[in-house]
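S.K.: Sharing a structure below in structure tokens format, with a few things to ask.
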Amino acid sequence: MRIGILGAGPAGLYLAYLLKRRRPGWEVQVVEQNRLGSTFGFGVVFSERALEFLSGSDPETAAAIAPHLESWNDIAINHRGERIFIDGIGFAAIGRLTLLRLLAERARSAGAVLDFERHVERLDELEPADLVVGADGIRSLVRQAHAAFGTQVTLLRNRFAWFGTTKRFDTLSQSFVATEHGVFNAHHYRYAPDRSTFIVEVDEETFFASGFDRLPEDEARLVCERAFAETLDGHPLIANNSAWRQFPVIRNQRWSVGKCVLLGDALHTAHFSIGSGTRLAMEDAIALDCALAGHEGDLPSALAAYETARRPILEKLVGAANASGAWYERFREHMRLPPLDFAMSYVTRSGRVDRERLRRVSPGFVARYERGC
């Protein structure tokens, strides 16, 4: 069987590895328009149990990634000059470039062909394939080639830009500040011993009041540095394709059309505030590989089984991500709350954590909240 995968992000690379690991005789090719090592986003974060989703089925890949992870067991909210810790909510992060290199090595070691720096404008430019996989992100060519996917794209109003910094943060943190131009939020966490991701988010009013719609990248970076001078403590922000974007909420009525199937951001998006996008993409790859294995020689049944098994799980997680994204759309309003109430609003924003569950997971924070100090 010949598999053509468009896109060499975590979903495409990991799927290539899984397919070749299980079926060495299959021809698996990954086509990517950028070169390996050309990426943006600095670090990616895994929520909660980090690589536990890999440990059972693929301990070798989990072991290859684990030494490169930065991990912590709580998060911090910076608001109105107070720093509030929420204990027991752990995350782990890794440099996006590091993760892609590791997954590319795994795919190559299994025998997949990785074709970088190849720009494809039409699907018929790919080698003849029995299955075409769209792992090509939010502007997926595979998805756009078939209206039958029934794609819906909704842009959130807030704007955000990815930066990095040399400032080392001990834990995943959220900093909320008010400036003369409006309200700013930063999501920041370390992904290497001496590097951190620093995502700046502003509401629509602040975006235009700050001039971000017209400022060059470097000038916009300096505005953000000034807004978060206390948080950065003298460290600079580092830009890398740090354009301002609106988060796209992507849904598809169908997951496959003919011999084409979607996964990762081409299929769905999960707001970056919950730290699950990369994990969800890799889990999509696992689900598709399992479906193909369970319906050997029957591609339509395999693709139907992939959607049937994966959709209910995914929709629950994406629903939580959408709720989180909706909270951030109103973070200016939430900032009027006192720090402890603000932190409680933040930690319960997705609807997946109620007070009793939070009491078990974060007893220190709940005790402080109930004391009111």
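S.K.: List the number of the failed condition for Arg143; all other conditions in (1) in contact with a helix residue (DSSP H, G or I) (Cβ under 7 Å, 6 or more places away or on another chain); (2) in a helix (DSSP H, G or I); (3) surrounded by fewer than 19 Cβ atoms within 10 Å (Cβ to Cβ) hold.
M.R.: Going through (1) in contact with a helix residue (DSSP H, G or I) (Cβ under 7 Å, 6 or more places away or on another chain); (2) in a helix (DSSP H, G or I); (3) surrounded by fewer than 19 Cβ atoms within 10 Å (Cβ to Cβ) one by one, Arg143 breaks only (3).
S.K.: Before we move on, is Ala186 outside the structural domain of Leu303 (by TED's automatic domain parsing), surrounded by fewer than 20 Cβ atoms within 10 Å (Cβ to Cβ) and in a strand (DSSP E or B)?
M.R.: No; evaluated as a whole, the condition is false for this residue.
S.K.: Further question on the same structure: Check His295 against each of (1) in contact (Cβ under 8 Å) with a residue 40 or more places away in the chain; (2) surrounded by fewer than 22 Cβ atoms within 10 Å (Cβ to Cβ); (3) not charged (D, E, K, R) and name the one condition it does not meet.
M.R.: The failed condition is (1).
S.K.: Tell me yes or no: at least one residue of segment 265-284 is surrounded by 15 or more Cβ atoms within 10 Å (Cβ to Cβ) and either over 30 Å from Ile75 (Cβ atoms) or over 15 Å from the mean Cα position of the chain (by Cα) (or both). Full working, then the answer.
M.R.: Of the residues in segment 265-284, the ones surrounded by 15 or more Cβ atoms within 10 Å (Cβ to Cβ) are 265-284.
Then keep just the ones that are either over 30 Å from Ile75 (Cβ atoms) or over 15 Å from the mean Cα position of the chain (by Cα) (or both); that gives none.
Within segment 265-284, none of the residues are surrounded by 15 or more Cβ atoms within 10 Å (Cβ to Cβ) and either over 30 Å from Ile75 (Cβ atoms) or over 15 Å from the mean Cα position of the chain (by Cα) (or both).
Per-residue answers, yes or no, for (1) part of a loop (DSSP other than H, G, I, E, B); (2) touching a Gly at 6+ places or on another chain (Cβ under 6 Å); (3) under 26 Å from His68 (Cα atoms):
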| site | (1), (2), (3) |
| --- | --- |
| Ile199 | no, no, yes |
| Glu205 | no, yes, no |
| Cys224 | no, no, no |
| Asn241 | yes, no, yes |
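Every residue, every condition in (1) among the small types (Gly, Ala, Ser); (2) farther than 23 Å from Ala178 by Cβ; (3) exposed (fewer than 14 other Cβ atoms within 10 Å of the Cβ), yes or no:
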| site | (1), (2), (3) |
| --- | --- |
| Val318 | no, yes, no |
| Glu329 | no, no, no |
| Arg349 | no, no, no |
| Ser362 | yes, yes, no |
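S.K.: Within segment 184-208, count every residue that is under 20 Å from Leu155 (Cα atoms) and either among the aliphatic types (A, V, I, L, M) or more than 25 Å from the chain's Cα centre (by Cα) (or both).
M.R.: 6
The values are calculated or read from the model by the stated rules, or taken from the named source; none is laboratory data. This structure is a prediction, so every number in the text was calculated from the model and none was measured. Every residue, glycine as well, gets a Cβ built from its backbone with ideal geometry; the counts of neighbours run over all protein chains shown.
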